[in-house]
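Notes for the one structure printed next.
Every number here is computed from the coordinates shown, using simple stated rules; none is lab data. Predicted, not measured: the structure shown is a model, and the values here were computed from it. Positions of Cβ are generated from backbone atoms using ideal geometry, with glycine treated the same way; all protein chains shown enter the neighbour counts.
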Amino acid sequence: MLEIGNVSFGYEKNVPVVRNLSCRLQEGRIYGLLGMNGAGKTTLLKLLSGLLFPDSGSIILDGKDVSKRSVETLQKIFYMPSEFRFPGISLEKLIGLQSVFYPYFSLEILMDCLESSGIGSEVKDLGKLSGGQKKKVMLAFALSVRTNILLMDEPLDGMDIPSRDIFRKLLVKHTDESRTVVISGHRTQDMENLLTDVLIFRKDGTVFAGCLEELSGRYSFGVDRTGAGAVYAEPCPGGFRVIREKETSEDTDVDLEMLFNAVRKGVIR
Amino acid sequence: MKTFSFRRMWRFCRLLLEQMCFCSFGKAAAVMLAVIVFCCLLPLLAVDGAIQEKMSVTEELIKVLVMFILPVTYGLAMSGGVLVPNLMIPAGRGEKFAAAYLAAAIPGAAVAVMAVIIGSGVYWFGGLLMTTDSAHDPGTGQYLLFVRNGAALWRTLLEVCISSTVIAMILPVLRNNGYRKPGFWFGVLVYLLVLFAPASMMMAGVLSRSAAQVSTAVISCLLLAVNVWYSCFLMKRYELR
């Protein structure tokens, strides 16, 4: 379990990007990290991976502070950045060089991911792959190292539509109850039917943390001719898209985009 | 208790070396071979004087290459584009630092050894062509670069190891936003002033040659220790801002 204890961070003094965040990221959950551009999503991912140190508070993984970057901690965390560069070496060589550091690396999972993504295992020069292909290779490696914590910064950017669907299937297939996944992104459509929890950045640097199952039990999401009595409403063709306090037992899927807007506007706390 | 794994350190060193600019060892060896031959041919053809004088110039050129150009090149490559992306690789801080140092020192030492072999061969043939029969005596080792001066090769290799700590000077740039450029360049200036103070005092007649040599050796060792300690400290505090 990753415990975030009252963490605050800012690149400049008195300008916090993350403010007083406290929550627990539990095993077997997939967290969606949503926020506007520059809100602090990448910053939070770097804090969780130990690449940045909190100004206050602590982030503890299995009793150890992640900022210490001990070998045991690093073996449990994999951070996939939004932008990265591969050296001009073969895929086989890169895997051979990097996989030795991860004790639970699985070649079978790597091969399965590469085949599903349409990337052959005999890539001679990783530097010559397109942006989307590089993401697929990185994703395959991220899933194959089987770390407890998988942090992915906008993994779907640059991927074509079929690849996004493949990504979702591979993530679900190769994520078990012992793993915690945090995915940041802009497009809520990419994350629907994938997430179990959401972390939404507000304007002031605070973060809304919610379990989608609980939110689905508390609110209903739909379209209404009028927005009267709704917790949150926004106009759409045909009326209003609304969030209402749930009054019946009928389940509705959480509309991530509406939830995101409602949290950002302070309607849902 | 923290443990240091030589195996993990060496794996990390291999990872850095493979990801450097010269990703192919074959290409790297070919480039170094060309540079060494150039360092031999240039003085051979352009410098007036006996062949031993030409060899001295070649030795100085190769020293500049392995003691300054290579470590700085590798240090910059590592701190910017290679070491930083590998911060999340599960290896200890000491292991990563030792690996980064080795990844800078190994190419320099390898080039120095290659220079002795290749360069000596070039001068042996040059000696055949440019000297009289009586002066050309291949058995005396007169055409062996560095080695002809006795223990000079060992000294050169030691200087390579010490100069590779220049990567420690590059590590401060890892601090990015947390590091102020005036402070960095001031530190470099102080470093160079302290290092060359005995030589300057010798030239001014304040110190004798032997006293200057001993002082330089002591100062170099102290600066080396400070370099290593400070770089480890910086690596511990490095953030990917």
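Only one of (1) touching a residue at least 24 places away in the same chain (Cβ under 8 Å); (2) not in a loop (DSSP other than H, G, I, E, B) fails for A:P235. Which number is that?
Against the list (1) touching a residue at least 24 places away in the same chain (Cβ under 8 Å); (2) not in a loop (DSSP other than H, G, I, E, B), A:P235 comes up short only on (1).
For the range A:19-39, give me each residue that is under 13 Å from the mean Cα position of the chain (by Cα) and part of a loop (DSSP other than H, G, I, E, B).
A:R29, A:G35
For the subset of the range A:191-202 comprising residues that are over 11 Å from the mean Cα position of the chain (by Cα) and more than 20 Å from A:L48 (Cα to Cα), which member is surrounded by the fewest Cβ atoms within 10 Å (Cβ to Cβ)?
If we take residues in the range A:191-202 being over 11 Å from the mean Cα position of the chain (by Cα) and more than 20 Å from A:L48 (Cα to Cα), then A:N193 is surrounded by the fewest Cβ atoms within 10 Å (Cβ to Cβ).
Identify, please: which residue in the range A:48-92 is part of a helix (DSSP H, G or I) and more than 10 Å from chain B (Cβ to nearest Cβ) and is, among those, farthest from B:E239 (Cα to Cα)?
A:E92
Could you check how many residues of the range A:118-154 are part of a helix (DSSP H, G or I) and either surrounded by fewer than 21 Cβ atoms within 10 Å (Cβ to Cβ) or among the basic types (K, R) (or both)?
The total comes to 10.
Go through the residues of the range A:160-178 one by one and say whether even a single one is touching a Phe, Trp or Tyr at 6+ places or on another chain (Cβ under 9 Å) and either free of Cβ contacts under 8 Å to residues at least 40 places away in the same chain or under 17 Å from A:L45 (Cα atoms) (or both).
No - not one qualifying residue is present in the range A:160-178.
Any residue at all in the range B:185-203 that is within 14 Å of chain A (Cβ to nearest Cβ) and closer than 30 Å to B:N86 by Cβ?
No, that holds for no residue.
Could you tell me whether any residue of the range A:112-123 is within 9 Å of chain B (Cβ to nearest Cβ) and among the charged types (D, E, K, R)?
No, that holds for no residue.
Which one of A:L91, A:L97, A:L48 is out of contact with any Ser or Thr (no Cβ under 8 Å at 6 or more places or on another chain) and within 22 Å of B:R8 (Cα to Cα)?
A:L97
Inside the range A:24-46, can you point out the residues that are under 12 Å from A:T180 (Cβ atoms) and in contact (Cβ under 8 Å) with a residue 24 or more places away in the chain?
A:L25, A:Q26, A:E27, A:G28, A:R29, A:I30, A:Y31
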